[in-house]
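Asker: This structure is in C-alpha cells; I'll ask about it shortly.
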Amino acid sequence: MEDPRRERALPQAGSLQRTLGGRQLEEEGRYEEALEQYELALRNNTENWESHANVARLMARLGNPDGAIEHYREALRIHPEAFSVQVQLADVLERSGDTAGAIEQYRRALAREPENGLVLYRLGTALAASGRSAEGQAMLERALEIDPESAKTHLNLGIVLAQQNRLDVADRHLREALRLDPDDPEVHYNLAFLLATRGELLEAERHLAEAVRLAPSDPSNRQALAAVREKLRTNP
C-alpha cells in the first residue's frame, strides 16, 4: 500500500513546479504560456490563494478582466487578508468601469495599511472620477504627505483642484508635477488647459506644443494646440 503522505505531497510538488515555470515564462514575457502553467498549478490545488492570484494577474494582462475578477475574489475567499490581492482586484475593477467596487476594495486595503501612499493615491483618483471631488482631494493630499515627490499625485490633485475652480492652488501642484516629471505629456496638457482657462494663451501654446512633441500620436494634444493657436490668431 502506498504511503498516503506521498500521495498528498505529489500535487503540492507539481503545483510548485508549475508555479516556478509560470514565473519564469512570465518574466520572459510569454504570458499565454505562463497562464497555462499557473492554471495547471491551480488544478493541483484549487484552494491555493496564490495560484488564483497568479491566474488572475495573467488574465488581467491578457485582456480577460472578468476571469481575473473571478479568480481574485476566489483568492480573497481563501485568504481575506491578502493585501496585494485586494489592491490588484481594485485596479481591475476600476479599469473595467466598476468604480464603486474599486473604491470598496481600495478602502479594505487601506484599512490594513492606512499609510500606504499608492493605495491612497488610487483611492483618491477613483473617488474623484466618481464625482466625489472633496473626498478624492483629501485622499490625494494624504498621499502627498507620505510621498511629496510623486509627480502623478501632484498632477491628479491639480486636476481635482482645477475642477473645483481653485486655479491658483491647482497651478502650484501642476507646476510641481512638471518639475518632478518634465517629460509627461499629460502634465503639459493639463497645465496648458488651466493656463488657457485663465487667458494665458502664449504659455498654454508652449505647453501644448511640448505635449505634442512628447506624445505625437495623441490627437487630443494636436486638437487643443490648434484651438489655442486659432484663438491667438483671431485675438492677437
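Asker: What 222 nm value per residue comes from the helices of the chain, counting each DSSP H run with n ≥ 4 as -39,500 (n - 2.57) and dividing by all residues, nearest 500 deg cm²/dmol?
Answerer: -26000 deg cm²/dmol
Asker: Efficiency by 1/(1 + (r/R0)^6): what FRET value for residue 223 and residue 200, r their Cβ-Cβ distance, R0 = 30 Å, to the nearest 0.05?
Answerer: Details: r = 19 Å, r/R0 = 0.64.
It comes to 0.95.
Asker: Taking 25 Å as R0, compute the FRET efficiency from the Cβ-Cβ separation of residue 104 and residue 141 and round it to 0.05. Let's see the in-between values first.
Answerer: Working: r = 21 Å, r/R0 = 0.86.
Given R0 = 25 Å and the Cβ-Cβ separation, E is 0.70.
Asker: In nm, to one decimal, how far is the modelled label at residue 149 from the one at residue 62, with both set 7 Å along Cα→Cβ?
Answerer: Calculated label separation equals 3.9 nm.
Asker: Please check which bits of the range 83-119 a label hung off residue 130 would reach, taking the label as a point 7 Å along Cα-to-C-beta and the cut-off as backbone N under 11 Å.
Answerer: 94, 98-108
Asker: Separate question: Which is the longest part of the chain that has none of the GluC sites (Glu not before Pro) sitting in a DSSP loop with at most 16 other Cβ atoms within 10 Å?
Answerer: Here the longest segment lacking exposed loop sites spans 150-199.
Asker: Go ahead and run the numbers for FRET between residue 96 and residue 30, Cβ-Cβ distance against an R0 of 25 Å, rounding to 0.05.
Answerer: Working from the Cβ atoms, E equals 0.50.
Asker: Length gain on complete extension for the stretch residue 46 to residue 113, per 0.36 nm per residue less the alpha carbon to alpha carbon distance?
Answerer: 21.3 nm
Asker: (1) 1.13; (2) 0.95; (3) 1.00: which one is Rg/Rh (Cα atoms, Kirkwood Rh) as calculated from this entry?
Answerer: Among (1) 1.13; (2) 0.95; (3) 1.00, the one calculated here is (1).
Asker: Short version: what are the Cα gyration tensor semi-axes of the range 14-114, square root of 5 times each eigenvalue, largest first, in whole Å?
Answerer: Working from the Cα gyration tensor, I get semi-axes of 24, 15, 11 Å.
Computed from the coordinates by the stated procedures, all read-outs in this text should not be read as laboratory data. This structure is a prediction, so every number in the text was calculated from the model and none was measured. Methodologically, a virtual Cβ is constructed for each residue, glycine included, from the backbone with ideal geometry; neighbour enumeration extends over all protein chains shown.
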